[in-house]
Structures are given as structure tokens and as C-alpha cells.
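Asks: So that we are looking at the same thing, I have put the structure below in C-alpha cells.
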Amino acid sequence: MKILLASSEVVPFAKTGGLADVAGALPRELEKLGHEVTVFMPAYQAALKAGLEVEKTATTLEIPIGSELENGRLLKSTLPDSNVDLYLVDHTEYFQRDALYGEQGSDYADNCERFTFFCRSVLESVRLLDLQPDLIHCNDWQTGLIPALLKCEYSENPLYQDIASLITIHNLAYQGLFDYEKLAVSGLDAKYFNWQEMEFHGRLNLLKTGIAFADSINTVSPTYAVEIQGAEQGCGLEGILQDRVDRLSGILNGIDTADWNPATDKLIPTNFDANFDVASGSPGKAKCKHELQVQNKLAVDPNVPLIGIVGRLAEQKGWSLILPILRQWLKSVDAQWVILGTGDPDYHHVLTTLHRLHPNKLGLTLGFSNELAHQIEAGADMFVMPSRYEPCGLNQMYSMAYGTVPVVRRTGGLADTVINATQENLENNTATGFSFEEFTSAGLEAALSKSLRMYNEDRKGWNQLVINGMTKDWSWTTSARKYEELYKKTVVSKSLK
Ligand code: ADP
């Protein structure tokens, strides 16, 4: 098949979140499966400074934005370790900025113009480069206009008539909401500004637009696809998602095993794999734990349980559940903690205070460090992730790959990836971690206590749990096959219309 994938961020050119990882990894996997994939992203300053080869093309763009015509140009590169063409949509004024979407906590005021320009450029490029894609794979609100423009503006044109569209929702909380006046920027007729298509309580909603017009919709885990149909996690879009449920599905993200593999990882003290004696445990992992304790100035002890956390210090990640337990356990439970994160200043403050009180039981790094993230995944015994919601989540998969047992709330991608250590799952060697249902500190504490008990009292059983997680396949290959199926289904259903 010929696939065009449009994304507002792509690893290694520009990244603010998991979307970039998907857009960087999936096209390469699809190429391996024999598909021809072309990727489009904006030519941000960051993308041009990423140290990758980017060349100018002769293709120029003239795009209507409201009543004005804006000029741009296509730049070209290739996704590393592949033959996948990547086009960067260049418009100096829109994209040569310090950030992708905004600065100092405020979105850029012309984001509607910037991403309308991007969406229209992608569609014009189909004609200018004679791409003939079977399907355009859109991602998040920044590309939400593409399915609408395909259906409402380009549908009479034979070059576009048969192109199907899919929109992937990576996080429903970000919707691309703009004042009604911005409808004119999109160039779409005011008749589409209604509660079933582009309107959300009097405002323009670009994610809703994508959901309304795409031939298929998916999210990044099957459970999140179900959860977003309810009021609690639907972010106000549960109605349209229920209406389009026959077109909605979930596909788990994979992890990039070139970066995240304990057997080859260059950022960790020693490499290790799942080939170790279940009675004595992995010597390589024990060495990584030792180094992590030394580095964090914790008591060096191979038998004390070491709990790791890496992630944004945001409410979504369940810090309101973690903090009461951390406060209590630092005083009374024989366990160590290593925490890496950055975000909400209130959490920075609380964690700094706890670190000052308990420096030999809590290692704390407030900042972003890819290297330390790898070292925590390799050296910790447990990894805590009690998210309020989690579209997919990567850290729990990294943890299992690195023999670190995840303790998670059963939501979204966490529910789909971590198999709870019930008696039955332990007996048949399918268990990979500990999970709990209710979003309460008591729920987390029960799951965490259970994990500690098993670690302290049944090390052989624990080591088997570690092996169960390490031998699971989290590579992109499985996910890419599922996208392939979804593309095929979407193209066939479009051709039957
Ligand atoms: P989300 O995308 O919601 O932040 P995920 O678990 O899906 O959560 O992915 C987060 C990614 O960002 C992981 O690769 C994680 O290791 C990384 N990460 C988050 N915070 C930090 C940090 N402070 N330092 C290094 N890596 C981090």
C-alpha cells in the first residue's frame, strides 16, 4: 500500500511527546512490511537544527489562509535507518520559532493558521509530488483538518476521490480549540460549524473535526479506546466517539528496541538479558542496582527493594496517590526510592523537602535525563505508575523489558500491557506486574505492599515474574501489523461507499 503519514512531530527531528516516537518508528516498520510510506511534518527550527541532512526541493506551495495566500516550500530528508521519504513543510514565519506549539506556558496565537497551512500543504503535495496514497494517516488535532478537507473540498477531484483517512488520537485532552472567528482560516464552509462536526460549545475544535470526518479513528491502546467513550475520560468528546464507535479501535504503541534493550543499551553500567538462574537472579541487573544506589547516595544493599519512578510531575501521573505513601514509607518501610521527573512546581517543592529529610532512602533528580531514565529502568526492582488516565504509556513497557516489575493503575495502556500477579497468573507464568483498580492511595498502597512482600519473601517467584516481563515482545513489529490491517480495512470500507 501507499501510505502518507502526517504528524506535527517526528523523532529524531522534533519531539515533545509520545506522538513523535510513533511517527518516527511506525513508518520504518511499515516499510519493512513492504509498504511505501511518505511522512510529512512542519520544518520547525528544531527539526532543521537536529543535525540531520535536509535538502531543498523545487516544490513551492501557495496556500490560502483565510483571504490571504501564504507561500511555502517543501524540504526533504529521510527517516534514519530507512528509505522512508520525509517532507518538511517550510514557512519561515510560522515554523522558525524556539518551540513547537508555544512558549512560557502560552500557545502561539496563530496555531490555527500554522496547522491549517500544514494540513493544506500536505494535501497540495499529494498533487504536486504525484504521491497517489491509498490512505492518509493523521495524528492528533494538528492534522484534524485533513479528513475534513479531503471530504468537503477535494472529493470531486479524481486524484483525491479514493484516498481514505485515519486519525490517531494520542491524547484526547489536547483538542486544538479556537474561537469561532478562526473558522475562516480553515477555509471550510460555515455549514460544517455544527455540533456534530466542527463545533464544540461555540468554538472551533480541530480534533473533533478529524474525528467527525475521518474514515477510521484509533487510539494508542484498546482500553483507552473504550474509556474515552465515557464522560470521565471523554473530555467532552464522548458523544461523537460513541456515535462513531463502529469506526473506532485501539492499537498499542510499541517500544523502540534499538534504544530500549538491556542486552545492548550503552547508557547502563552492564548489559543483561532474561537468561539467568531463577534461584539467584540476574547478576547484570544486580550490578545496575548497585550503581544506582551508589549514584543516588543510598545505602548499598542488594536486598532492599528499590522503587523507581520516571515521568512528568503532573496530576495525570497519579502523584496525589504516591505522595502520601512516600511520606509514610520513608519513615517506616524498609524500601528505597529513586525518582526522576520534572513538571508541576508544587510537586518539586514537596519532593525536595522529602529528599532533604531522607537522603539515604530517596534519590531525587528534578530535571530531564535520558541517561538516568535508562539507569533507573535497569537498576530498580519495581516501577510505580498509578496514572489517572494513560492513553498508552511507554515506561511500563520499558520497565518490563528491563526486568523491573511495574506497579500500575489498571487504566488505558497500563491495563493492556501489565498482567496482574494473581495466584492463577503467577502459576501459569503469565503475570508481569501488579495492578489496582480504584484511583486511591489505599489501592496503590495495597498493590505496592503486595509487590514488596513477594520481593522479600519469595525471591524465586519474583525472579520468574521478572523473566515473564523480559521475554514479552514490545517491538513495533506487532503494532505495525495491526496498523496494516486497519489501513486495509479502512481503504476497503471507503471503496464500498
Ligand atoms: P507521557 O508521554 O504521558 O509523558 P509515557 O510513559 O508514554 O508518558 O512516555 C514518557 C517518555 O518520556 C518516556 O520515554 C520516559 O522515559 C520519558 N521521560 C519522562 N520524563 C522524563 C525525565 N524527567 N527524564 C527523562 N525521560 C523522561
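Asks: Taking the condition of a type in the set (Asp, Glu), away from the ligand (no atom under 12 Å from the Cβ), touching a residue at least 60 places away in the same chain (Cβ under 8 Å) and open to solvent by less than 40 Å² (accessible area, probe 1.4 Å), does ASP416 pass?
Replies: Values: of a type in the set (Asp, Glu): yes; away from the ligand (no atom under 12 Å from the Cβ): yes; touching a residue at least 60 places away in the same chain (Cβ under 8 Å): yes; open to solvent by less than 40 Å² (accessible area, probe 1.4 Å): no.
For ASP416, the condition - of a type in the set (Asp, Glu), away from the ligand (no atom under 12 Å from the Cβ), touching a residue at least 60 places away in the same chain (Cβ under 8 Å) and open to solvent by less than 40 Å² (accessible area, probe 1.4 Å) - is not met.
Asks: Would you tally the residues in segment 67-83 being surrounded by fewer than 17 Cβ atoms within 10 Å (Cβ to Cβ), under 15 Å from LEU129 (Cα atoms) and of a type in the set (A, V, I, L, M, F, W, C)?
Replies: 0
Asks: Something else about it: Which residues, taken from segment 453-497, are among the basic types (Lys, Arg) and modelled with pLDDT of 95 or more? Lay out the reasoning, then the answer.
Replies: So in segment 453-497, the residues among the basic types (Lys, Arg) come out as 453, 459-460, 472, 481-482, 488-489, 494, 497.
Within segment 453-497, ARG453, ARG459, LYS460, LYS472, ARG481, LYS482, LYS488, LYS489 meet the criteria.
Asks: Looking at (1) under 22 Å from ASP259 (Cα atoms); (2) away from the ligand (no atom under 16 Å from the Cβ), which one does LEU357 not meet, given that it meets all the others?
Replies: (1)
A quick yes/no check of all residues on (1) open to solvent by 10 Å² or more (accessible area, probe 1.4 Å); (2) part of a loop (DSSP other than H, G, I, E, B); (3) under 30 Å from ASP81 (Cα atoms):
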{"site": "LEU252", "(1), (2), (3)": "yes, yes, yes"}
{"site": "ASP256", "(1), (2), (3)": "yes, yes, yes"}
{"site": "THR264", "(1), (2), (3)": "yes, yes, yes"}
{"site": "HIS290", "(1), (2), (3)": "yes, no, no"}
{"site": "VAL294", "(1), (2), (3)": "yes, no, no"}
{"site": "GLY341", "(1), (2), (3)": "no, no, no"}
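Asks: Identify the residue in segment 167-209 that is in a loop (DSSP other than H, G, I, E, B) and within 16 Å of the ligand (Cβ to nearest atom) and, among all such residues, is farthest from PRO222 (Cα to Cα). Step through it out loud before you land on a result.
Replies: Residues of segment 167-209 that are in a loop (DSSP other than H, G, I, E, B), as a first pass: 170-176, 179, 187-189, 193-198, 201-202.
Next, from what is left, pick out any that are within 16 Å of the ligand (Cβ to nearest atom): 170-174.
Numbers: HIS170: 12, ASN171: 13, LEU172: 14, ALA173: 17, TYR174: 19 Å.
Looking at residues that are in a loop (DSSP other than H, G, I, E, B) and within 16 Å of the ligand (Cβ to nearest atom), I get TYR174.
Asks: Could you give every pair whose Cβ atoms fall below 7 Å, whose first residue belongs to segment 313-336 and is at positive phi, and whose second residue is of a type in the set (D, E, K, R), counting only separations of at least 6 or pairs across chains?
Replies: Qualifying pairs under 7 Å: GLY318/ARG388; GLY318/ARG409.
Asks: Continuing with the same structure: May I ask you to list the residues in segment 24-38 that are in contact with a Lys or Arg (Cβ under 9 Å, 6 or more places away or on another chain), closer than 17 Å to LYS76 by Cα and either more than 13 Å from the ligand (Cβ to nearest atom) or charged (D, E, K, R) (or both)? I'd like the intermediate steps shown before the answer.
Replies: Within segment 24-38, the subset in contact with a Lys or Arg (Cβ under 9 Å, 6 or more places away or on another chain) is 24, 29, 33, 35-38.
Okay, now just the ones that are also closer than 17 Å to LYS76 by Cα, so 24, 36-38.
Result: GLU36, VAL37, THR38.
Asks: Do the conditions hold for PRO269, that is, is it in contact with a helix residue (DSSP H, G or I) (Cβ under 7 Å, 6 or more places away or on another chain), open to solvent by 50 Å² or more (accessible area, probe 1.4 Å) and either modelled with pLDDT of 95 or more or part of a loop (DSSP other than H, G, I, E, B) (or both)? Talk me through it step by step, then tell me what you get.
Replies: Details: in contact with a helix residue (DSSP H, G or I) (Cβ under 7 Å, 6 or more places away or on another chain): yes; open to solvent by 50 Å² or more (accessible area, probe 1.4 Å): yes; either modelled with pLDDT of 95 or more or part of a loop (DSSP other than H, G, I, E, B) (or both): yes.
Criteria met by PRO269.
Asks: How many residues are touching a helix residue (DSSP H, G or I) at 6+ places or on another chain (Cβ under 7 Å) and either buried (at least 17 other Cβ atoms within 10 Å of the Cβ) or free of Cβ contacts under 8 Å to residues at least 24 places away in the same chain (or both) if we restrict to segment 466-478? Walk me through how you get there before you give the answer.
Replies: Going through segment 466-478, the residues touching a helix residue (DSSP H, G or I) at 6+ places or on another chain (Cβ under 7 Å) turn out to be 469-470, 472, 474, 476-477.
Add one more test, that the residue is either buried (at least 17 other Cβ atoms within 10 Å of the Cβ) or free of Cβ contacts under 8 Å to residues at least 24 places away in the same chain (or both), and what stays is 469-470, 474, 476.
Residues flagged as touching a helix residue (DSSP H, G or I) at 6+ places or on another chain (Cβ under 7 Å) and either buried (at least 17 other Cβ atoms within 10 Å of the Cβ) or free of Cβ contacts under 8 Å to residues at least 24 places away in the same chain (or both) within segment 466-478 amount to 4.
Residue-by-condition table, conditions (1) in contact with a Lys or Arg (Cβ under 9 Å, 6 or more places away or on another chain); (2) within 21 Å of ARG127 (Cα to Cα); (3) open to solvent by 40 Å² or more (accessible area, probe 1.4 Å); (4) away from the ligand (no atom under 16 Å from the Cβ):
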| position | (1), (2), (3), (4) |
| --- | --- |
| LEU5 | no, yes, no, yes |
| GLY17 | no, no, no, no |
| ALA47 | no, no, no, yes |
| VAL54 | yes, no, yes, yes |
| THR57 | yes, yes, no, yes |
| ILE65 | yes, yes, no, yes |
| ASP85 | yes, yes, yes, yes |
| ALA99 | no, no, no, yes |
| GLN104 | no, no, yes, yes |
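Asks: Just to confirm my filter: which helices (runs of 4 or more DSSP H) fall fully inside segment 73-165 and include at least 2 residues that are hydroxyl-bearing (Ser, Thr, Tyr)? Give the steps one after another, and end with the answer.
Replies: On the way: elements: 92-95, 111-128, 145-152.
Once the helices (runs of 4 or more DSSP H) in segment 73-165 are filtered for at least 2 residues that are hydroxyl-bearing (Ser, Thr, Tyr), what remains is 92-95, 111-128.
Asks: Can you go through ALA184, ALA214 and tell me which one is hydrophobic (A, V, I, L, M, F, W, C) and surrounded by fewer than 24 Cβ atoms within 10 Å (Cβ to Cβ)?
Replies: Details: ALA214 fails: surrounded by fewer than 24 Cβ atoms within 10 Å (Cβ to Cβ).
Among ALA184, ALA214, only ALA184 is hydrophobic (A, V, I, L, M, F, W, C) and surrounded by fewer than 24 Cβ atoms within 10 Å (Cβ to Cβ).
Asks: Specify the residue that is nearest to the ligand (Cβ to nearest atom); the eligible residues are those in segment 296-323 that are open to solvent by 60 Å² or more (accessible area, probe 1.4 Å) and more than 20 Å from GLY403 (Cα to Cα). Talk me through it step by step, then tell me what you get.
Replies: Of the residues in segment 296-323, the ones open to solvent by 60 Å² or more (accessible area, probe 1.4 Å) are 297, 300, 302-303, 312, 315.
Checking the rest, the ones that are also more than 20 Å from GLY403 (Cα to Cα) come to 297, 312, 315.
Numbers: LYS297: 19, ARG312: 5, GLU315: 12 Å.
Only one residue tops the list, namely ARG312.
Asks: Listed residues ALA25, ALA99, ALA46, ALA58; which is farther than 30 Å from THR342 by Cβ and either assigned by TED's automatic domain parsing to the domain that holds ASP189 or aromatic (Phe, Trp, Tyr) (or both)?
Replies: On the way: ALA25 fails: farther than 30 Å from THR342 by Cβ; ALA99 fails: farther than 30 Å from THR342 by Cβ; ALA46 fails: farther than 30 Å from THR342 by Cβ.
Only one candidate passes the filter, namely ALA58.
Asks: So which of LEU326, LEU351, LEU330 is touching a His at 6+ places or on another chain (Cβ under 8 Å), in a helix (DSSP H, G or I) and either open to solvent by less than 10 Å² (accessible area, probe 1.4 Å) or more than 16 Å from the ligand (Cβ to nearest atom) (or both)? Break it down into steps so the answer makes sense when it comes.
Replies: Numbers: LEU326 fails: touching a His at 6+ places or on another chain (Cβ under 8 Å); LEU351 fails: touching a His at 6+ places or on another chain (Cβ under 8 Å).
Checking each option against the conditions leaves just LEU330.
The values are calculated or read from the model by the stated rules, or taken from the named source; none is laboratory data. In this text the structure is predicted, and so the values were computed from the model without any measurement. We place every Cβ from the backbone using ideal geometry, glycine too, and count neighbours over all the protein chains shown. These area figures cover heavy atoms from the full protein model, side chains too; ligands, DNA and RNA do not enter into them. Shrake-Rupley method; radii C 1.70, N 1.55, O 1.52, S 1.80 Å.
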